[in-house]
Every structure is written in structure tokens, then in C-alpha cells.
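Participant: Handing you a structure now.
The values are calculated or read from the model by the stated rules, or taken from the named source; none is laboratory data. Note that the structure is predicted; figures quoted are calculated from it, not measured. Counting neighbours? That spans all protein chains shown, and the Cβs are built from the backbone with ideal geometry, glycine included.
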Amino acid sequence: MEELAIKIEHVSKQYRLGAIGGGTLRGDLQSWWARKRGREDPNSKIGTRTDVKIGERFLALDDINLEIRKGEAVGIIGHNGAGKSTLLKLLSRVTAPTTGKISIDGRIASMLEVGTGFHPELTGRENVYMNGAILGMTKAEIDKKFDEIVEFSEVAQFIDTPVKRYSSGMYVKLAFSVAAHLDSEIMIMDEVLAVGDMAFQKKCLAKMRSAAKEEGRAVLYVSHNMNTIRTLCDRCIVLDHGRIIFSGAVEEAIAVYMGHDSREFSNCIVVNPNMRDPQWANPKVAIEEISAMDTDGILTYGDSLDLGIKVRNYEEKDAQVFLRIMIKTSSGTPISMSSTREKITIPSGAEVAKRFRLNMSQLIPAIYSLSFVLYDTGDLGADRNIDVLRDIYSFSILASPGFNHGMTWNSQWWGHVSIGDLEPVE
């Protein structure tokens, strides 16, 4: 079994809100004096809460237990505010845990935001040496890596320019190159690649993959881009309100994060108002119920999906609408769409039940979601939505025996549609 690089035991991080926040002593004194007089804080940001009590506590991480092994690339995903960046700050020793213990075996190279650890007045060259020194490397060790760092970063022309004059993309390129090439046993990256161009992102992902698999480093990567998580990571954890709610296979983790957990399928959905798109919160013609026929939400590759739809007309006249069903992957990528050829007629005050068949025969094994739209078309052919239910129904497709010669389908390389075996032509 691989050696542990990081061990986190019962770690929690608690913050006290409202105690400090001006950024300067002058600002904090202004805020304190305003509160003392019952006035509005002059340093509060627009859109922030004004009802936060001084001393109110916020639990950013709640009893986290996690082990990361050397040579393992681990993705960390979750909604904004779930605790991802707080966890990485604890591991990078930017801040300390309130309770619990973190054991780390090796040096950490971290990049928590654009330009972390760079001094704006120093040149790119000087910052490379400064970062290496912070990691505990000697000048001779940095000299040995310097040319490789500059070549990878693609900023050789500006290496002797103060980094305050760098664009955000140049910042990322040099900062990532330093973190990736200087000798460290653990790499920590927090959503920083979103700033770089696509070619450099691919280059960085390949480097991180190489760092884990060939150099035996532990890599922790936070991102909201599920495709980069799929490309890089062996394992993925999902954080929600400071807790780990899932740790395991990447695709299962993404499904949990996107709200399409395969363990929570339902073959009948009774629509309530909060399921609707807010823009169409009170439709005159509404989908009332969606049910899957002869399935528990799990299909085998090649199957079709039969759906029952109940639509009610709340108007005082007959209504005629089209139905559109859209298919997405668990990461939100649109796959296909199907709509009725003829309008559905619903008498005034009545409910109509219809049954439709979706051809899923070319979709690869994975987890999918369906969105449903009732709409009409105007004289010029433009759509006018009447009722919209986004990602309301989830289902999974399992591999049939012999599918893709028994190999796991890699959607990053091959897409989400299988067009079958190649047929020889005589």
C-alpha cells in the first residue's frame, strides 16, 4: 500500500464573524465606533449581511477525516462556500485548524490563487528564487531547475520584468511552473487554471498527472470544471457545508455534486412549485407529474426510456402546446433534444396523460438528467415557453455485456454517444 502523504483527523475550522474586517487598524476603529453608536459600518461591502452579530461563529469545516497517498491525484469539488479553499489553506499552513490534527509527510507547493507567494515588485526571476527558498531549497537546487521552469511557463521574454506588470494569465503560467517544478512531495492547486488559455490548461493537467504517476507526488486539485477533474483525478471528494458527503470514484462524486446521485432515483415525480424555473413559476398549462414506465431509473445500454407525462390546463379555454425533452450529462453538458411533432390538446380545466418513448440506444453508460419544457410557437416560428422543469428527472445507463470490449468508456476522449461497432464493407 502506498505511503501516506497527508492524514487529516477530526479537523474542524471555526471563524468568529464580525470581529475584524477593516483590513487596517484605522478601518477597524471606524467600524467599531460606528457599531458603538448604532450606525451603519462605513467599511461594509455592498450586498453583505448587516445583521451579523459580533462574535457569531461560523463552522467552515466540520469534523473532516481524510487520507491522501503519495502518487494519488485527488479532486475536491463542492458548491461555493462548501469549505474547499478553507481545507487547502489548512493544508498549506496559511491558517490553523480549530480542532483536530493534520499530519503531512513532505514539502508542499501550493497555488491557492493567482500569484500566491509572489511579490509584485520583484521580477519573475527573483520570485522563482524566493519561492524555492520558501520551500526550503538551496540556490544550487533552484539553479538546476530554473531553465526548465522558465521554458514551461512561456514567459522567458518577461522573466526579468516585475511581476506587477504581468497579465493574470502570465502570473498563472509562472506561478504554476514554479509550483510544478520545484522539489516538493505535495502539490495543491485551487481553481487557478481557469485563468490560463486552453493550451496551457492541457499542459498543466498533463504535468500534474505526470507529477502524481511518474514522480510519486500527491496532488490535490479544486475545480468547478468537471472535465478537468475527470482528466486528472483518480479519486474525488465532495464537500457540502464543511462536511465530506462523498469520497470515491470520480464519476460517482460528480453525480453526487450535480445532484444526480444514482442511489436516489425515483420513477415517479409529482411536480411542486419550487421545482419550476422561477421565470415560469405559475404556468397556465403545467406539467403535474412525470413517471418512468417499467424502470427504476436504471437502464442497460441499448434500452429506450418510456415516460408518462400528466399535463393540466388551468385556463378557461382549450390549450395546445408542444413538449420538448432535453438530455444532459451529470456534469451539465447538453447531449440531445426531442420534441413532439404535433401539439398536445388539453381541454379547459382538464388533465391529460400522455406516454412517450425516448430513444437512448446510442448513449454511453453514465448518469443523465432530463429537462421538460411546454412551449408554443409564434407566427415567426420563435418559441414561447409555458412551463419549464430543469434537470428534474435523473437516470443511469449501465454497460451491457461486451460493451466496448469490456473497457470503461472514457467520455473525455470518446464523447457521450456510441455509434456502434465498425462494420466491414465488402
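Participant: I need every pair where a residue in the range 144-166 that is in contact (Cβ under 8 Å) with a residue 24 or more places away in the chain has its Cβ under 8 Å from the Cβ of a residue that is part of a helix (DSSP H, G or I) and among the hydroxyl-bearing types (Ser, Thr, Tyr), sequence separation at least 6 or different chains.
Facilitator: 149/177; 150/177; 152/177; 153/177; 163/171
Participant: Does residue 179 satisfy being among the aliphatic types (A, V, I, L, M), free of Cβ contacts under 8 Å to residues at least 12 places away in the same chain and assigned by TED's automatic domain parsing to the domain that holds residue 227?
Facilitator: Working: among the aliphatic types (A, V, I, L, M): yes; free of Cβ contacts under 8 Å to residues at least 12 places away in the same chain: no; assigned by TED's automatic domain parsing to the domain that holds residue 227: yes.
Considered against the rule, which asks whether it is among the aliphatic types (A, V, I, L, M), free of Cβ contacts under 8 Å to residues at least 12 places away in the same chain and assigned by TED's automatic domain parsing to the domain that holds residue 227, residue 179 comes out as no.
Participant: Give the number of residues within the range 374-420 that are assigned to a loop (DSSP other than H, G, I, E, B) and either touching a helix residue (DSSP H, G or I) at 6+ places or on another chain (Cβ under 6 Å) or at pLDDT 85 or above (or both).
Facilitator: Initial filter on the range 374-420 (assigned to a loop (DSSP other than H, G, I, E, B)): 378-382, 399-402, 407-410, 415-416, 418-420.
Narrowing further to those that are either touching a helix residue (DSSP H, G or I) at 6+ places or on another chain (Cβ under 6 Å) or at pLDDT 85 or above (or both): 415-416, 418-419.
Of the residues in the range 374-420, 4 are assigned to a loop (DSSP other than H, G, I, E, B) and either touching a helix residue (DSSP H, G or I) at 6+ places or on another chain (Cβ under 6 Å) or at pLDDT 85 or above (or both).
To keep it simple, each residue is scored yes or no on (1) over 24 Å from the mean Cα position of the chain (by Cα); (2) closer than 22 Å to residue 300 by Cβ.
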| residue | (1), (2) |
| --- | --- |
| 316 | yes, no |
| 338 | yes, yes |
| 357 | yes, yes |
| 364 | no, yes |
| 383 | yes, no |
| 397 | no, yes |
| 403 | yes, yes |
| 425 | yes, no |
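Participant: Report whether or not residue 254 is modelled with pLDDT of 85 or more and either assigned by TED's automatic domain parsing to the domain that holds residue 88 or within 22 Å of the chain's Cα centre (by Cα) (or both). Let's see the steps before the verdict.
Facilitator: Working: modelled with pLDDT of 85 or more: no; either assigned by TED's automatic domain parsing to the domain that holds residue 88 or within 22 Å of the chain's Cα centre (by Cα) (or both): yes.
The answer is no for residue 254.
Participant: Also, quick follow-up: In the range 130-143, what count of residues is obtained for those that are surrounded by 17 or more Cβ atoms within 10 Å (Cβ to Cβ) and either touching a residue at least 60 places away in the same chain (Cβ under 8 Å) or assigned to a helix (DSSP H, G or I) (or both)?
Facilitator: Here is the first cut: in the range 130-143, the ones surrounded by 17 or more Cβ atoms within 10 Å (Cβ to Cβ) are 131-132, 135, 137, 142.
In the following step, the residues that additionally are either touching a residue at least 60 places away in the same chain (Cβ under 8 Å) or assigned to a helix (DSSP H, G or I) (or both) were identified as 131-132, 142.
Looking only at that region, the number is 3.
Participant: Follow-up. Given 55, 21, 47, which one is surrounded by 13 or more Cβ atoms within 10 Å (Cβ to Cβ) and modelled with pLDDT under 65? First the steps, then the outcome.
Facilitator: Numbers: 55 fails: surrounded by 13 or more Cβ atoms within 10 Å (Cβ to Cβ); 47 fails: surrounded by 13 or more Cβ atoms within 10 Å (Cβ to Cβ).
That would be 21, the only listed residue that is surrounded by 13 or more Cβ atoms within 10 Å (Cβ to Cβ) and modelled with pLDDT under 65.
Participant: To continue, here is another question. Would you check if residue 164 is crowded, with 18+ Cβ neighbours inside 10 Å, part of a helix (DSSP H, G or I) and among the basic types (Lys, Arg)? Can you show your working first?
Facilitator: On the way: crowded, with 18+ Cβ neighbours inside 10 Å: no; part of a helix (DSSP H, G or I): yes; among the basic types (Lys, Arg): yes.
Answer is no for this residue.
Participant: While we're on this one: Give me a count of the residues in the range 188-231 that are assigned to a helix (DSSP H, G or I), within 13 Å of the chain's Cα centre (by Cα) and modelled with pLDDT of 85 or more.
Facilitator: 0
Participant: Now a separate question. Anything in the range 302-314 that is in a strand (DSSP E or B) and either under 36 Å from the mean Cα position of the chain (by Cα) or of a type in the set (Asp, Glu) (or both)? List them, or say none.
Facilitator: Of all residues in the range 302-314, those in a strand (DSSP E or B) come to 304-313.
Correct list: 304, 305, 306, 307, 308, 309, 310, 311.
Participant: Another one. Among the numbered conditions (1) under 22 Å from the mean Cα position of the chain (by Cα); (2) modelled with pLDDT of 85 or more; (3) assigned by TED's automatic domain parsing to the domain that holds residue 332, tell me where residue 287 comes up short.
Facilitator: The failed condition is (1).
Participant: For the range 232-246, which residues satisfy the criterion of being of a type in the set (Asp, Glu) and not in a loop (DSSP other than H, G, I, E, B)? Steps first, answer last, please.
Facilitator: Our first condition is that a residue be of a type in the set (Asp, Glu); within the range 232-246, this holds for 234, 240.
240, the sole residue that qualifies.
Participant: Still on this structure, please answer the following. Sort out which residues of the range 373-421 are more than 25 Å from residue 293 (Cβ to Cβ), of a type in the set (S, T, N, Q) and surrounded by 16 or more Cβ atoms within 10 Å (Cβ to Cβ), and write them in order of number. Step through it out loud before you land on a result.
Facilitator: Of the residues in the range 373-421, the ones more than 25 Å from residue 293 (Cβ to Cβ) are 376-385, 402, 404-415, 419-421.
Filter again for of a type in the set (S, T, N, Q), leaving 377, 385, 404, 408, 410-412.
Those that are more than 25 Å from residue 293 (Cβ to Cβ), of a type in the set (S, T, N, Q) and surrounded by 16 or more Cβ atoms within 10 Å (Cβ to Cβ): 404, 411.
Participant: For the range 331-372, which positions are surrounded by fewer than 17 Cβ atoms within 10 Å (Cβ to Cβ) and assigned to a loop (DSSP other than H, G, I, E, B)?
Facilitator: 332, 333, 340, 341, 342, 343, 347, 348, 349, 350, 361, 362
Participant: Another question, then. Kindly evaluate residue 149 against the criterion of being part of a helix (DSSP H, G or I), buried (at least 19 other Cβ atoms within 10 Å of the Cβ) and in contact with a helix residue (DSSP H, G or I) (Cβ under 8 Å, 6 or more places away or on another chain). So that I can check it myself, show each step before the final result.
Facilitator: Numbers: part of a helix (DSSP H, G or I): yes; buried (at least 19 other Cβ atoms within 10 Å of the Cβ): yes; in contact with a helix residue (DSSP H, G or I) (Cβ under 8 Å, 6 or more places away or on another chain): yes.
Answer is yes for this residue.
Participant: Please indicate, with yes or no, whether at least one residue in the range 137-148 is assigned by TED's automatic domain parsing to the domain that holds residue 213 and within 24 Å of residue 3 (Cα to Cα). I'd like the intermediate steps shown before the answer.
Facilitator: Step one: of the range 137-148, the residues assigned by TED's automatic domain parsing to the domain that holds residue 213 are 137-148.
Cutting the leftovers down to within 24 Å of residue 3 (Cα to Cα) gives us 137.
Checked against the condition, which is being assigned by TED's automatic domain parsing to the domain that holds residue 213 and within 24 Å of residue 3 (Cα to Cα), the range 137-148 yields at least one hit.
Participant: Taking into account only those residues within the range 97-127 that are among the aliphatic types (A, V, I, L, M) and at pLDDT 90 or above, which is farthest from residue 245 (Cα to Cα)?
Facilitator: The qualifying residue farthest from residue 245 (Cα to Cα) is 122.
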